Amino acid sequence: YKRSTHSEEGAELHVLSREPRDWQRYLSQGLTTTPWAVSGWLGASALAPFTTSVPDMIVYVPDKDFESSIERLTRHDDMTVVDRGGRVHLRSAPRFTFEFDRHIDGLPVASPVRVYADLVRSGGRALEAAEHLREIAIGF
């Protein structure tokens, strides 16, 4: 994953709510026909709960749907594009990425290995969540 030659596009989205369930609802409403999967803190929380609060989330959409996803998501009054510090980190991914996701309580979650790698890439406190996820959901 780390050595992938895929050129990932990204956008930071700010949402007024601090509640991950609201973020999920905004995504469900905006990306009705687009595959998507969460990763990072929210993905880890779904796969192997570790923390009581979720500071942000990574959301993957297929490469070809990246630009249209930004447009559809920002139609919601509570979601805007920002330069940095967004709670929702929208990322592009190859189509095959979505073949490995799973639904947990209605939430499409990226593969545990991708969630683990995203947490490691985030660094800081996310490293502890990554280690917990590795032990619980990946199994080594």
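List of remarks:
- Here residue 124 clears all of (1) open to solvent by 90 Å² or more (accessible area, probe 1.4 Å); (2) under 19 Å from residue 52 (Cα atoms); (3) not in a helix (DSSP H, G or I) except the condition numbered (1).
- Test: residue in the stretch 106-120 that is touching a helix residue (DSSP H, G or I) at 6+ places or on another chain (Cβ under 6 Å), among the hydrophobic types (A, V, I, L, M, F, W, C), without any contact (Cβ under 8 Å) to a residue 24 or more places away in the chain and buried (at least 17 other Cβ atoms within 10 Å of the Cβ): yes
- Screening residue 66 against (1) out of contact with any helix residue (DSSP H, G or I) (no Cβ under 9 Å at 6 or more places or on another chain); (2) open to solvent by less than 10 Å² (accessible area, probe 1.4 Å); (3) modelled with pLDDT under 95; (4) not polar (S, T, N, Q) leaves a single unmet condition, (3).
- Exactly one residue among 102, 72 is out of contact with any Gly (no Cβ under 7 Å at 6 or more places or on another chain) and surrounded by 13 or more Cβ atoms within 10 Å (Cβ to Cβ), and that residue is 102.
- Test: residue in the stretch 72-87 that is closer than 13 Å to residue 44 by Cα and among the acidic types (Asp, Glu): no
- Spans of strands (runs of 3 or more DSSP E) in the stretch 6-85 with at least 3 residues touching a residue at least 24 places away in the same chain (Cβ under 8 Å) and within 16 Å of residue 107 (Cβ to Cβ): 37-39, 57-62
- Filtered residues of the stretch 24-41 (kept if open to solvent by less than 20 Å² (accessible area, probe 1.4 Å) and under 15 Å from residue 116 (Cα atoms)): 37, 38, 39, 40
The values are calculated or read from the model by the stated rules, or taken from the named source; none is laboratory data. Note that the structure is predicted; figures quoted are calculated from it, not measured. Reconstructed Cβ throughout: ideal geometry from the backbone, glycine too, with neighbour counts over all protein chains shown. Each accessible area value is taken on the protein alone, full model and side chains, heavy atoms only, with ligands, DNA and RNA left out. Shrake-Rupley method; radii C 1.70, N 1.55, O 1.52, S 1.80 Å.
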